1. Take each of the peptides 97-105, 67-75, average the number of other beta-carbon atoms within 10 Å over its residues, and list them starting from the highest.
2. Would you please give the FRET efficiency between Arg129 and Leu77, computed as 1/(1 + (r/R0)^6) with r the Cβ-Cβ distance and R0 = 30 Å, to the nearest 0.05?
3. Would you kindly derive the ³J(HN,Hα) couplings of the stretch 42-47 from the backbone phi angles with the Karplus curve 6.51 cos²θ - 1.76 cosθ + 1.60 (θ = phi - 60°), listing them in order in whole Hz, with x for Gly and Pro?
4. Using the Karplus curve 6.51 cos²θ - 1.76 cosθ + 1.60 with θ = phi - 60°, work out ³J(HN,Hα) for each residue of the stretch 59-66 in order, rounded to whole Hz, and write x for Gly and Pro.
Amino acid sequence: MIRAWFVGAGLLLGAATAVAQVPTVPAPAAAPAPAAPKAWSSMSPQQQQLLHSYQGKWESLAPERQQALANGSQRWLSMTPEQRSSAQQRFTQWRAMPPEQQQALRQRWQQYKSMPPEQQQRVRESFNRFRQMPPERRTELRKQWRQMSPEQRHRAIPRPPAPRPRSPR
């Protein structure tokens, strides 16, 4: 099931990137402000318990890593038991993936995040439609997708209508 989700997400994000037509060169951005160190004592006892294996080396971690761990622990604590179970399964599957597959998924995620919000919404809607299909239909679509050439895949992706040029007044 999780593998199907990753495969489906990969297919949709791969398809969405072909639709994106977003420049691959990111716009220059201001350098983010450096993160301030997060004090171990500033976290809740529940967060400290989750992160207990980091306690002895907390001060030596980069502030960005400290913040990411603190945010992740807070997110974990806010999840329902079902959400935690699902997240644990996804994490286990992630760790079992070959590094090349992890890198490919990271790249697709970055491509998705670089899309305009409207396009992200279309990808989410397409993915949800895909998930609602019977398993046999999803399998059939995956098989068809794998057999297509990149050119055929590009042509198969529905695109929104192009904006009409404005007429001069």
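1. 67-75, 97-105
2. Calculated value: 0.35.
3. Taking θ as phi minus 60°, the curve returns 7, 8, 5, x, 5, 5 Hz for the stretch 42-47.
4. 5, 8, 6, 4, x, 5, 5, 4
Here, each number is a calculation from the coordinates, and none is a lab measurement. Here the structure is a predicted model, which is why all the values come from computation and not from measurement. So basically every Cβ, Gly included, is an ideal-geometry build from the backbone, and we count neighbours across all protein chains shown.
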